[in-house]
Amino acid sequence: MMQLLLLILILLATKNLNVITNAFISQSPLSKVHHVQRDTTQLYATAQSEAERLLAKARALREEASREDELLHTTLLTKKYAQDSATDSIIDELFPGDVDDVVHRLHEKRLASDMLVRIVERLHEREISAKG
């Protein structure tokens, strides 16, 4: 009888052990670790693709800014060339003869002081350019 009771206890313990083991396995830290690792890997892949997307956008913006900078530079050079040409034409009108003629033409033109300053600056630029 004692052996039978011992056998029943062993069977019950074995059955309970399986239930307890399954409960612990499903909630064990190892299963959580695998879940966390999978989430971390997925998060890393998402972050990496987001970083690549942002880098591509940054490259595109940098290229666009470079093109706009070049366009601005070209526009400013064109504007300066037009202004220099206009100033050169006034200089050519003012200085074909002697000093008295220059003074007379300056009075006739009634140029603004800003224009006179630009003329002097342009004459200086032309002198530097002529000297090399």
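The values are calculated or read from the model by the stated rules, or taken from the named source; none is laboratory data. Since we're looking at a predicted model, the values are computed, not measured. Here Cβ is always computed from backbone atoms with ideal geometry, including for glycine, and neighbour counts include all displayed protein chains. Note: accessible area is taken over every heavy atom of the protein model, side chains too, but ligands, DNA and RNA are not part of it. Shrake-Rupley method; radii C 1.70, N 1.55, O 1.52, S 1.80 Å.
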Scan of segment 82-119 for residues that are among the β-branched types (Val, Ile, Thr) and surrounded by 12 or more Cβ atoms within 10 Å (Cβ to Cβ), ordered by number: 87, 90, 91, 102, 119
Residue among 71, 43, 55, 30 that is closer than 30 Å to residue 115 by Cβ and either open to solvent by 70 Å² or more (accessible area, probe 1.4 Å) or modelled with pLDDT of 85 or more (or both): 71
Taking the condition at pLDDT 70 or above, out of contact with any Cys (no Cβ under 6 Å at 6 or more places or on another chain) and among the hydrophobic types (A, V, I, L, M, F, W, C), does residue 86 pass? yes
Consider only pairs whose beta carbons are under 8 Å apart and that are at least six residues apart or on different chains; among these, list those whose first residue lies in segment 118-132 and is among the β-branched types (Val, Ile, Thr) and whose second residue is open to solvent by less than 90 Å² (accessible area, probe 1.4 Å) and outside any helix (DSSP H, G or I). 119/111
